[in-house]
Amino acid sequence: QVQLVESGGDLVQAGGSLRLSCAASGRIFSINVMGWYRQAPGKQRELVATITNIGFTNYVDSVKGRFTISRDSAKNLVFLQMNSLNPEDTAVYYCYVGQDFQSYWGQGTQVTVSS
């Protein structure tokens, strides 16, 4: 089993920045992909950004140029730097890890952007 703990969510004004962090622990042997998803009230959970074990990144169009995903593979950490935040970014952000065809999720961290 893999445990994920997110941190960094907060209330921020539009145009501001936040950095989310996620630490993975437990039975970790070969993480293939780490990433972030988000779920806004009344909406489905959507992919925000992912990064593979060789550093390939993928972003949803709405965050390209504003968000940057990175990871520290040695420490099993993944980060999401979020700049130029707007109210549409308000959501619960979930950390995600894919390993050996299994998916693991964190409990989520709330990001609220005020206008």
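The values are calculated or read from the model by the stated rules, or taken from the named source; none is laboratory data. If you're wondering where the values come from, they're calculated on a predicted model, not measured in any experiment. When we count neighbours, we look across all protein chains shown, and the Cβ atoms used for this are built from the backbone with ideal geometry, even at glycine. With ligands, DNA and RNA removed, areas are computed over all heavy atoms of the protein, side chains included. Shrake-Rupley method; radii C 1.70, N 1.55, O 1.52, S 1.80 Å.
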Determine ³J(HN,Hα), in whole Hz, for all residues of the stretch 52-61 in sequence, where each value follows from phi through the Karplus function 6.51 cos²θ - 1.76 cosθ + 1.60 and θ = phi - 60°; x replaces Gly and Pro.
8, 5, 10, x, 6, 10, 9, 10, 6, 4
Out of the total accessible area of the chain (probe 1.4 Å, heavy atoms of protein only), what percent is carbon and sulfur?
48 percent
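Multiply the residue separation of Ala23 and Arg45 by 0.36 nm, subtract the distance between their alpha-carbon atoms, and state the gained length in nm to one decimal. List each step's numbers first, then the result.
On the way: separation 22, 0.36 × 22 = 7.92 nm, distance 2.06 nm.
Working it through step by step, the gained length comes to 5.9 nm.
Order of 66-72, 98-104 by packing, highest average Cβ count within 10 Å first? Walk me through the numbers before you get to the answer.
On the way: 66-72: 17.4, 98-104: 13.0.
The densest-packed peptide leads the list: 66-72, 98-104.
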Okay, which of the stretch 19-61 sit inside 18 Å, backbone N to the point 7 Å along the Cα-Cβ direction of Gln3?
21-29
Provide the per residue accessible area, probe 1.4 Å, for the chain, rounded to a whole number of square angstrom.
54 Å²
